[in-house]
Amino acid sequence: MNDLVDEVEEALRHDRAVQFFKRHGRMIGAGVLAIIVGTAGNSFYQYQQKQAHEAATARYIQALKSTDSLQALQELSKTSGAGTGLLAKFQYAAALAAKGQVGDARTVLQSIIADSALTSADQDFARVRMAMLELDDQKYDAALAAITSLKSTTNPMRYFAWEVEGLANWAKGEAKLARTSFELIANDAAAPNNFRQRAQAFMGMIDGGSTLKL
């Protein structure tokens, strides 16, 4: 394609445009048409995607403001696309848990974890939310089970997993195991500052003999 452009420029510079277009006119005409059609098609697709995203976002915001947000989020989680629909599912699970409907919240999160159409990152985030749900419900072994696959040093969710592991073990009375988990965070230079600060604070509390009641 670059060679063709160079030849066009050279032809124009040397007043050979007529002869050049006689030789290449059909090919160039087809190429330009393809570019125009392709660009127009891509622009229209992007426009449609933008409109769909904005409409879905508006429905999500409306659902949050609804007087019956629980029902609205449930409906939105079923009818919207992967992005907003998934966000609505997470919010729906949180709303259920806040109302004490922990079993229903578990079911929603389990459906996300089991959805093979989602990315592993989405599924792992659902596992983190599940673990936090179990912690709040004082189901410490269930919380530990939820984050089993997230503790690898290469998993982006590892800091959440290590923190949950530490809190669950600490609440179970296993202070030594809990401190080991917090040490993993505190000694990891790549860990976000807020995680490291909390881990250091928890270690100090454990060293001071504090127990944890969630």
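The values are calculated or read from the model by the stated rules, or taken from the named source; none is laboratory data. Keep in mind that this is a model prediction, so the values were computed, not measured. No Cβ is skipped: glycine too gets one built from the backbone with ideal geometry, and neighbour counts run over all protein chains shown.
Here are a few things to note about the model shown:
- Residue in the range 144-166 that is out of contact with any Cys (no Cβ under 6 Å at 6 or more places or on another chain), over 19 Å from A126 (Cβ atoms) and in contact (Cβ under 8 Å) with a residue 24 or more places away in the chain present: yes
- Restricting attention to the range 122-173, the residues that are surrounded by 22 or more Cβ atoms within 10 Å (Cβ to Cβ) and over 26 Å from Q91 (Cβ atoms) total 3.
- When K213, K176 are checked against the criterion of being outside any helix (DSSP H, G or I), loosely packed, with under 14 Cβ neighbours inside 10 Å and more than 24 Å from the chain's Cα centre (by Cα), a single residue qualifies: K213.
- Looking at the range 99-159, the helices (runs of 4 or more DSSP H) lying wholly inside it that each contain 3 or more residues that are among the charged types (D, E, K, R) sit at 120-136.
- On inspection, A72 passes the criterion of being small (G, A, S), in contact with a Ser or Thr (Cβ under 6 Å, 6 or more places away or on another chain) and modelled with pLDDT under 70.
- Across the range 78-121, the number of residues qualifying as touching a Lys or Arg at 6+ places or on another chain (Cβ under 7 Å), surrounded by fewer than 20 Cβ atoms within 10 Å (Cβ to Cβ) and modelled with pLDDT of 90 or more comes to 1.
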